[in-house]
Amino acid sequence: MSAPTENRSTVTEREARQVAEAARERDWHKPSFAKELFLGRFRLDLVHPHPMPAEESVRRGEEFLAKLRAFCEAEVDAARIEREARIPDEVVAGLKELGALGMKIDPKYGGLGLSQLYYNKALALVGSVSPAVGALLSAHQSIGVPQPLKMFGTEEQKDAFLPRCARTDISAFLLTEPDVGSDPARLATTAVPDGDEYVLDGVKLWTTNGVVADLLVVMARVPKSEGHKGGITAFVVEADSEGITVEHRNAFMGLRGIENGVTRFHRVRVPAAHRIGPEGAGLKIALTTLNTGRLSLPAMCAGAGKWCLKIAREWSAEREQWGKPLALHEAVGAKISFIAATTFALEAVLDLSSQMADEDRNDIRIEAALAKLYGSEMAWRMADELVQIRGGRGYETAESLKARGERAVPAEQMLRDLRINRIFEGSTEIMHLLIAREAVDAHLSVAGDLIDPAKSLPEKAKAGAQAGVFYAKWLPKLVAGPGQLPTSYGEFRHGVDLSIHLRYIERTSRRLARATFYGMSRWQGRMETKQGFLGRIVDIGAELFAMSAACVRAERLRTRDEHGREAYQLADAFCRQARIRVEELFGRLWTNTDDLDRKVVKGVLGGAYTWLEEGIVDPSEDGPWIADATPGPSTHENARRPYGG
């Protein structure tokens, strides 16, 4: 058994919160539809009429999608990628030739300059063929070198690195460490200043693209010293620098073709000119990058939903049971309806969020986070339902199906591939907390000092006075609104009446805001520990956002004569399904087992129930739960394998 990690950092809960809070964007310079929704204000004017892309953007985007589709159909062998657990070099070379590495990079740096909308359409297309290829392109452009440089890089850095990223070089983003996940306060990798350079030491885990990358974005802690502010800082690092070793290529239950590894830095020298932004700005850069970068995941989730719908339709029409097609049995039909309606809503959320990102009129940090959260959860449910519809064939691998003469449908692979989306780029649990923090920001801005135990009595008194003024104006507005008027949102009545759902959203938005206020009044400073309550608040907001997007999209398609009647039907079905989920979540806000669960957890950790574990054999092998990440030279052979190298 390996020795335990000795340099594991110890950080208090308060210190961890302070680090996370310091990295947040605190100001709201632009309106946010989702933020208003959580505050009980249904600002339909911010999303309706649905924002539309410019004609030139559409032309360039459609031209590229046509080329990308032809390439995927002719050159991407998804079965081979799954079988060999690698994306062939020739596929990556073809993507480079197409310009797919530079979809989001400005043409002046050699990129295609696609909009966020068409970038996401491209990821949905690629991801439907091979989620591993989609992950390669997403990790490279959404969180790798191009995005942080676009937002925070100097002109010299852009000139030096963006042309490479657009055509030839793969990039990766390195934040996570063996003992550091969603709590960056414990980041152990260091970058020690030495003249005009920094010296990096540490170990990074789950480095998507890290095995094949040419360029890395690395987050490391700069020690505070004379002339150096210090703090977590971002650097662009050449992947072939002396002292960098890819010690292991990780293997997973899904996404078998991704190049994800463990990377060790030992006395790696990085020019100070390669630092992105000032010292201490690394986490803020990472979080800001993710505001739009997170949209890549719901893009591939929407694509997965489309594929699930196609297979469910074709199979359930072909397969007969008890004298009629499988789809006509109510139990199966309900699953198909769920898949169809949810696919429509996921694409609506994606397109709306993407177009708002392109227009840059709204702050979409909450919308992008909701899209990631909702897309990853609902895509997993759709894939699970598809496996159920397919029955034993859903559980059987595509290779096995093909070998015995049936259509090779990789339903079980889709389920495995989608599972990671609920974990990476912010797990569902972390997304709940992140979104909840933003959702209650207005409350904390006026009453934060009131519930902060570290504040003095005079500070609490001042905060109390400010809170009184805020709530005296805000609470009365939560009593009544247009959602109570039968004539409201009448422009959404066309055969199918969607106005009833918009009125429901408006009423429920106010109800959600009242519930949030009640929770804050009840628990005050302990509110942040009520993760079950906060998660349900966020899930209600996600459903309301998806309902809004679905209705707005249906109306847009109707006005453009693009399957408007069918779109209204799908939006209606989705909203009715979502309303049932919303009401269940509201019921669970106050009627739940959260307190009892905490007691059981204490019993589990205290060993009170170990007798329940008797009668099994644990097949796990011995070893530490967390690998040793002590800085120092590598003892492993370098597993780095650049494409074409």
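Summary of computed values
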item	result
Straight-distance crosslink candidates among lysines, where the alpha carbon sits under 20 Å from residue 599 and sequence neighbours closer than 8 are dropped	530
Reachable lysines from residue 204, criterion Cα separation under 21 angstrom, eight or more residues apart if same chain	284
Considering only the chain, percent of DSSP beta bridges that pair antiparallel, nearest 5	90 percent
Positive dipole terminus of the chain, leading residue within 257, 126, 383 (C-beta point charges)	383
Candidate lysines - alpha carbon under 22 Å from residue 324, same-chain residues fewer than 8 apart omitted	310, 335
Computed label-point distance, nm, for sites residue 472 and residue 566 using a 7 Å Cα→Cβ extension	5.7 nm
Cα shape, segment 82-129, gyration tensor, a/c 1.5 rule	oblate
For residue 614, solvent-accessible area (1.4 Å; no DNA, RNA or ligand), Å²	140 Å²
Extent along principal axes [Cα atoms of segment 260-377; Å; largest to smallest]	72, 40, 17
Charge dipole (debye, nearest 20) of the chain; +1 at Cβ of Lys and Arg, -1 at Cβ of Asp and Glu	1980 debye
Loop-located trypsin sites (Lys or Arg not before Pro) in segment 561-595 whose Cβ has at most 15 other Cβ within 10 Å (DSSP)	none
Listed peptides 463-474, 616-627 by packing density, highest first (mean Cβ within 10 Å)	463-474, 616-627
Stretch gain in nm, segment residue 594-residue 224, where the contour uses 0.36 nm per residue and the Cα spacing is subtracted	129.0 nm
The chain, helix-only ellipticity at 222 nm - DSSP H runs n ≥ 4, -39,500 (n - 2.57), divided by all residues, nearest 500	-17500 deg cm²/dmol
Over segment 180-286, relative contact order from alpha-carbon pairs under 8 Å, at least 6 apart, %	33 percent
Neighbour cut-off at most 16 other Cβ (10 Å), DSSP loop, chymotrypsin sites (Phe, Trp or Tyr not before Pro), segment 208-277	252
Residue 415 accessible area, 1.4 Å probe, all protein chains in place, Å² to nearest 10	30 Å²
Label assignment, Rg/Rh (Cα atoms, Kirkwood Rh) derived from the structure, set [x] 1.00; [y] 1.63; [z] 0.96	[z]
Kyte-Doolittle at least -0.5, axis length at least 15 Å by Cα - qualifying DSSP helices, the chain	116-129, 282-293, 296-318, 330-359, 365-390, 428-439, 457-474, 531-559, 564-590, 594-605
Peptide ranges 531-542, 29-40 listed from the most packed, as the mean C-beta count within 10 angstrom indicates	531-542, 29-40
Positive minus negative residues near residue 503 (Lys, Arg vs Asp, Glu; Cβ under 12 Å)	+2
Euclidean distance between Cα centres, segment 594-639 to segment 176-227, Å	26 Å
Local electrostatic count at residue 56 - Lys and Arg +1, Asp and Glu -1, tallied over other residues with Cβ under 14 Å	-2
Flagged links, alpha-carbon separation over 26 Å, of 229/372; 372/402; 35/473; 108/306; 108/372	229/372; 372/402; 108/306; 108/372
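The values are calculated or read from the model by the stated rules, or taken from the named source; none is laboratory data. Everything quoted here is computed from the prediction, not taken from an experiment. Positions of Cβ are generated from backbone atoms using ideal geometry, with glycine treated the same way; all protein chains shown enter the neighbour counts. Side chains are part of the model used for accessible areas, which takes the heavy atoms of the whole protein and leaves out ligands, DNA and RNA. Shrake-Rupley method; radii C 1.70, N 1.55, O 1.52, S 1.80 Å.
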